[in-house]
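Notes to accompany the following structure.
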Amino acid sequence: MRQFISGDGAITMKISARNVLKAKVVSIHDGEVNSEVVVQLAGGEQMVSVVTKSSVHHLGLAPGKEVLVVVKASNVMLAID
């Protein structure tokens, strides 16, 4: 279990996912129901998450906002050339 500590030292969240990455929101593309949120990781790589428009609003997502990307999947595939 991972714990996240806020700036004042308080534990703000506990989560069982092991793949948690710090990122910054680059852009948000709204659809009818869902939004595509593009985030940039520390190394410059970008990822896209599809979330509801309601979630964008409730989380206060906007370009420049720092977020945690939580990857929880039952299958992760690897490929080679």
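How big is the shadow of the Cα convex hull of region 20-71, averaged over all directions, in nm²?
Over every viewing direction, the Cα hull of region 20-71 projects on average to 3.2 nm².
Tell me, what HN-Hα J-couplings in whole Hz come from the Karplus equation 6.51 cos²θ - 1.76 cosθ + 1.60 at θ = phi - 60° for each residue of region 31-48, using x for Gly and Pro?
For region 31-48, the Karplus curve yields x, 5, 10, 10, 10, 8, 10, 9, 10, 10, 7, 4, x, x, 5, 10, 10, 10 Hz.
Express in nm, to one decimal, how much length is gained between residue 53 and residue 17 on full extension, taking 0.36 nm for each residue of separation and deducting their alpha carbon distance.
Roughly 10.6 nm would be gained on extension.
Please list, ordered by chain and number, the residues whose modelled amide H lies under 5 Å from the amide H of residue 65; skip anything fewer than 5 residues away on the same chain.
Placed amide hydrogens put 25 under 5 Å from residue 65.
Check which residues have an amide H placed less than 5 Å from residue 34's amide H, if you skip close sequence neighbours.
So residue 34 has HN proximity to 53.
Report the extension gain between residue 78 and residue 33 in nm, rounded to one decimal, defined as 0.36 nm multiplied by the number of residues separating them, less their alpha carbon distance.
This chain segment gains 13.1 nm when fully extended.
None of the figures in this text is laboratory data; all of them are computed from the coordinates on show. Since the model is a prediction, treat every value here as computed from it, not as a measurement.
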